[in-house]
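> Take a look at the following structure, please.
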Amino acid sequence: MTEFWKEHSKAATVEEMMLDSHARQLTLHELPEILSLLPSLTGKRVLELGAGIGRFTSELLCKAEHVTAVDFMESFVQKNREENGHHSNAAFIQADVTKLDVPNNSLDVIFSNWLLMYLSDKELKALTENMLCWLRPGGFLFFRESCNHQSGDCKRDFNPTYYRNQGQYSHLMTSVQVEEAEGAEKFGFDIVLTKKVLTYVKMKNNLNQICWLLEKSPRSSATQGSFTTFQQFLDNQQYTRRGILRYEKMFGAGYVSTGGPSTTKEFVDLLNLKPGQRVLDIGCGIGGGDFYMAKTFGVEVLGLDLSENMVDIAIERATAEKLPSVHFEVADATKRLFPEGSFDVIYSRDTILHIDDKLAMFTRFHSWLKPGGKLLISDYCCGEKPWTPQFQTYVKQRGYILYTPPQYGKFIEQAGFCNVRAEDRTAQFIEVIQTELQRAEALKDQFIEEFSEEDYTAIENGWREKLARCNTGDQRWGLFYATRD
């Protein structure tokens, strides 16, 4: 690796560092895009790993309290020092990041652009453990990598790169845990967002440039069963790729939940969407509702989902649909940040049931909406307690946090929304499930041939159990509509 970079760092130019003859044009668009994904750096101490000649260093120094820029090529470090050494809040280190010594709990943000792909799995695991220790609780790690793709146009035959796919990075980084002292609380990384670098999609048709923003969190509060994080639980148990596709077979192309295209059309029509408006879809699934909104009303849609499997399929469909106005991210809506007034509409279907602090979530929604913006949510709710033992067990197993429709509407009002409508749509929910059961019977042979009889029985039983829970009064389904004044 040293010999390779000696060859490609002689002039210490941005073209050499990025291994791309179009580096300056790319940087013009890519740099602001990546910086927009970072948390606030005001008053923060930042460690920049693989800083190179300082393409991002100068921007970080203008925002943060202090930035330490590290690179293992002396020519790059010297160039960075020449460009940015006049900043009093800067430090420059020539070092191998795998041998870096940083005090524990001394950093707020670690930033890395094109570095981790040069480390073996063993080195990456060790560095991840170190970064968890270096960051304060609640601190952030941002990194961007080339995934199974050569991003530049320079000859790279001898480039010692470990190409991984997006899922391998996500799994490796979120599986690592550290216990900073014996008996102390364990920490790990939770995914805040994972997304493609749109500059590379638009300018190079390269879908393999991926960004991650991770947060250092107590690991005990993020576990579900044998899984390290809730995101791993979703992708490995509740929403495996096979499970998603079998749901779609039942609910219709692009949909993985009860009601499919019919309820989507009914609910979206309430929003009176206009061309050019921006819509945020929380829990977008595989994107059926987003494609409907974009094609029918000419809106721009950003879909967020915590399941990487869901977003992978959604991106595949968006590529096939050729809809540049629809984008998707793997993201945790409780941690994702957007500037105030970013969207005209926030839309969510049967997703908020996973979120504990609903008032805090709705308050974030209120901030993200423009004045006059609209909120529309459908979600699982519950009846008044006491619940039947069966329902209590079901809610606990799924990790749901449920409220009655009136309680749910009250949270939305408390978040600052006006014109709040909280409707109990359980009767409609029952009717839709009954219709879907009839449709499933007609599709049974075809479904079993494509999947299995076991898969068919699992979905059919799931529908019948929902009907039973609704009939006891335990499970309810709510529709909620509100505006930001």
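The values are calculated or read from the model by the stated rules, or taken from the named source; none is laboratory data. Keep in mind that what you see is a predicted model, and the values were worked out from it rather than measured. Note that we place each Cβ from the backbone using ideal geometry, even for glycine, and neighbour counts take in every protein chain shown.
> Looking at (1) of a type in the set (A, V, I, L, M, F, W, C); (2) touching a helix residue (DSSP H, G or I) at 6+ places or on another chain (Cβ under 7 Å); (3) surrounded by fewer than 15 Cβ atoms within 10 Å (Cβ to Cβ), which is the only condition MET73 fails?
(3) is the only condition that MET73 fails.
> Assess whether PHE76 counts as being touching a residue at least 40 places away in the same chain (Cβ under 8 Å) and out of contact with any Phe, Trp or Tyr (no Cβ under 7 Å at 6 or more places or on another chain). Steps first, answer last, please.
Working: touching a residue at least 40 places away in the same chain (Cβ under 8 Å): yes; out of contact with any Phe, Trp or Tyr (no Cβ under 7 Å at 6 or more places or on another chain): yes.
Criteria met by PHE76.
> Scan the range 246-281 for residues that are among the hydroxyl-bearing types (Ser, Thr, Tyr) and in contact with a Pro (Cβ under 7 Å, 6 or more places away or on another chain) and jot them down.
TYR255
> Could you list, in sequence order, all residues of the range 373-401 that are in contact with a helix residue (DSSP H, G or I) (Cβ under 7 Å, 6 or more places away or on another chain) and either without any contact (Cβ under 8 Å) to a residue 60 or more places away in the chain or more than 22 Å from LEU234 (Cα to Cα) (or both)?
Once the filter is applied, which keeps residues that are in contact with a helix residue (DSSP H, G or I) (Cβ under 7 Å, 6 or more places away or on another chain) and either without any contact (Cβ under 8 Å) to a residue 60 or more places away in the chain or more than 22 Å from LEU234 (Cα to Cα) (or both), the range 373-401 yields LYS374, LEU375, LEU376, TYR400, ILE401.
> Grab the helices (runs of 4 or more DSSP H) fully contained in the range 48-154, keeping just those with 3 or more residues being in contact with an Asp or Glu (Cβ under 8 Å, 6 or more places away or on another chain) and in the same structural domain as TYR169 (by TED's automatic domain parsing). Quick ask: steps written out before the conclusion?
On the way: elements: 57-63, 74-84, 121-134.
Per the criteria, 57-63.
> Report whether or not GLN237 is polar (S, T, N, Q), part of a helix (DSSP H, G or I), modelled with pLDDT under 95 and surrounded by fewer than 20 Cβ atoms within 10 Å (Cβ to Cβ). Don't jump to the end; show me each part of the working.
Numbers: polar (S, T, N, Q): yes; part of a helix (DSSP H, G or I): yes; modelled with pLDDT under 95: yes; surrounded by fewer than 20 Cβ atoms within 10 Å (Cβ to Cβ): yes.
Yes: the conditions hold for GLN237.
> Could you tell me which numbered condition ASP269 fails, if it satisfies all but one of (1) free of Cβ contacts under 8 Å to residues at least 40 places away in the same chain; (2) part of a helix (DSSP H, G or I); (3) in contact with a Gly (Cβ under 6 Å, 6 or more places away or on another chain)?
(3)
> Let me ask something additional. Considering only residues that are touching a helix residue (DSSP H, G or I) at 6+ places or on another chain (Cβ under 6 Å) and either without any contact (Cβ under 8 Å) to a residue 24 or more places away in the chain or assigned to a strand (DSSP E or B) (or both), which ones fall in the range 415-429?
VAL420, ALA422, ASP424
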